[in-house]
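Taken together, the values in this text are just the output of simple stated rules run on the coordinates, not laboratory data. All figures in this text were calculated on a predicted structure; none of them were measured in a lab. Note that each Cβ is placed from the backbone with ideal geometry, even for glycine, and that neighbours are counted across all protein chains shown.
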Amino acid sequence: MNKMLGKIKSLMENIFTLFLPILLSLVPKDKNLWLFSAWSGKKYADNPKAFFEYVSANKTINAIWITKCKSQAISLRESHINAIYHLSIEGILHQIRASVVFLSHNIGADFTRPLICKNTIRVNLWHGMPLKKIRFSDEITYLKLNISIKSSVLYKCISNESYDFITSLGHESTKILSAALGHSSDKFLDVGFPRNDVLMSSGKGPFSGQKLIIYMPTFRGAVGSTYNLLDEINFVLDDVEDILVESNANLILKFHPANKPTKKDLDLILNSTRVSFSDEDAHELLKNSDALITDYSSIMFDFALTKKPLIFLPYDRDNYFANQRASLFDYDKIISTQWSNSITGSLKLALNQLEGDDILVNHYLLSLHKHVSGSASSRLFKALSEKL
């Protein structure tokens with residue numbers, strides 16, 4: 001029954017999308033009304049969150065967060081965040097009258113697709129500089145027929161998926177994202193990602209006085225799937241804790257937003273005094289961290305800006321690049337000598353740098369950034385003000 005209702009809902013949405021965005025373009029737009037949403041309208045996170053908070057401080061703009069979760073709308077408002085449920089009367093009217101919308105993925109996922117008018121300015125802030133091939137550049141998980149259909153002008157018109165501006169890190173980032181998303185390079189603003197501004201500020205986390213290392217693996221499997229991380233990396237809690245205790249350090253495990261840890265992994269870590277899982281905003285965690293361990297996650301490009309130790313744990317490298325997503329870069333150049341196929345080896349590499357006098361900056365990743373000093377939100381606001 002739920003599947004049938006889902007199909008009917010999807011069909012109705014597609015029908016309304018054929019004519020409503022054109023018809024509703026006749027409704028006058030409020031030039032000072034800007035809407036923001038992210039991660040299918042379910043997460044207050046990422047580049048839209050960072051830029052929303054920056055714009056909210058500008059009293060000339062009415063910045064509103066659109067969510068597809070009623071309880072989230074309530075909790076955000078309780079935190080004094082201007083949030084509205086997308087299908088409330090207010091939410092519907094605001095989506096019709098907004099002059100600009102900001103998103104992390106696509107119009108249909110983050111907003112109510114039929115309500116975003118053809119003459120509404122769409123700014124895709126995106127959700128990371130990819131290491132792996134994605135969408136139209138990805139021939140492993142994206143069928144050629146899919147690429148052919150979704151890259152057509154007719155599909156973009158019918159689906160209401162078009163963008164006026166897309167953010168990137170710089171020239172090379174624009175080339176990659178342009179090919180992957182199927183949009184011309186002149187739509188890209190190489191101002192950097194707003195979410196990275198927080199990385200350039202220092203923070204004090206809950207482990208003040210102790211070293212903090214974050215492990216963030218990339219997305220694996222299906223969206224919403226559980227991932228047996230600790231078994232995959234041969235994680236032995238006693239061995240990890242011995243290393244952490246000796247160096248007065250802590251380890252936080254942070255999953256990709258589209259994956260979840262298994263109950264077995266959660267139970268194992270539950271009583272550890274040195275290791276924990278976290279659902280906190282990734283960039284807030286990284287701001288407070290001393291080092292990052294990752295594998296193929298785009299978070300590596302962001303973290304390179306901090307010039308802190310960046311260590312790689314590519315335990316399933318051959319299988320991942322062959323069967324999940326191929327790499328856009330020479331991965332050997334990225335990881336250099338800063339990698340290990342074990343979690344204990346990766347921890348030791350990070351701690352050796354933190355306890356020594358020489359931190360190895362990843363200049364290869366840093367070279368992808370046109371701007372390395374933060375202030376992406378300020379640059380983006382200025383660029384949009386000039387263009388709008």
I need L270, L33, L360, L251 ordered by Cβ neighbour count within 10 Å, fewest first. L270, L360, L33, L251
Could you tell me which residue out of Y215, M12, L251 lies farthest along the dipole of the chain toward its positive end? Charges go on the beta carbon: Lys and Arg +1, Asp and Glu -1, centred on the Cα centre. M12
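Give the calculated FRET efficiency between D231 and I158 to the nearest 0.05, with a Förster radius of 45 Å applied to their Cβ-Cβ distance.
Values: r = 44 Å, r/R0 = 0.98.
For R0 = 45 Å, the calculated efficiency reads 0.55.
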If the chain between D318 and K387 were fully stretched, how many nm would it gain, using 0.36 nm times the residue separation less the Cα-Cα distance? 20.4 nm
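Quick one: divide the alpha-carbon radius of gyration of the range 200-366 by 2.2 N^0.38 Å and tell me what you get.
0.98
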Could you state the angle between the C-alpha long axis of helix 46-56 and the longest principal axis of the C-alpha atoms of the chain, as a value from 0 to 90 degrees rounded to the nearest 10? 60
Between the modelled labels at L23 and K263 (7 Å from Cα along Cα→Cβ) the distance in nm is 4.8
Among S272, S373, S25: highest mean-square fluctuation, GNM of the chain, C-alpha pairs under 10 Å: S272
At 7 Å along the Cα-to-beta-carbon direction for both I359 and T337, put a label point, then send me their distance in nm to one decimal. 1.9
Helix-only CD estimate at 222 nm, as mean residue ellipticity for the chain, using -39500 (n - 2.57) per DSSP H run (n ≥ 4): -11000 deg cm²/dmol
Mind sorting R317, R77 by how few other Cβ atoms lie within 10 Å of their own Cβ, fewest first? R77, R317
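Among the listed pairs K7/K133; K70/K382; K118/K187; K59/K370; K308/K382, give every one whose C-alpha distance is greater than 26 Å. Show your work: numbers first, answer last.
On the way: K7/K133 30 Å; K70/K382 33 Å; K118/K187 16 Å; K59/K370 29 Å; K308/K382 29 Å.
Correct reply: K7/K133; K70/K382; K59/K370; K308/K382.
I need K156, K187 ordered by Cβ neighbour count within 10 Å, fewest first. If you can, show how the numbers build up before the last one.
Details: K156 15, K187 19.
If I rank by nearby Cβ atoms, fewest first, I get K156, K187.
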In nanometres, the difference between 0.36 nm per residue of separation and the alpha-carbon distance of L93 and V372 is 96.5 nm
What do you get for the angle between helix 343-355 and the principal long axis of the chain? Use alpha-carbon atoms, 0 to 90 degrees, nearest ten. 80
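Which of the three applies to the range 56-95, rounded, prolate or oblate, going by the alpha-carbon gyration tensor with a ≥ b ≥ c and a/c under 1.5 meaning rounded?
Working: a/c = 2.97, a/b = 1.25, b/c = 2.37.
Oblate shape, in that a/c is at least 1.5 and b/c is the bigger or equal ratio.
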Debye log10 I(q)/I(0) for the chain, one point scatterer per Cα, at q = 0.07, 0.08, 0.10 Å⁻¹: -0.34, -0.44, -0.69
Relative to the longest principal axis of the chain, what angle (0 to 90°, nearest 10) does the C-alpha long axis of helix 376-387 take? 20
Once you've got the GNM for the chain with C-alpha springs shorter than 10 Å, pick whichever of L286, L349, L26 has the biggest mean-square fluctuation. L26
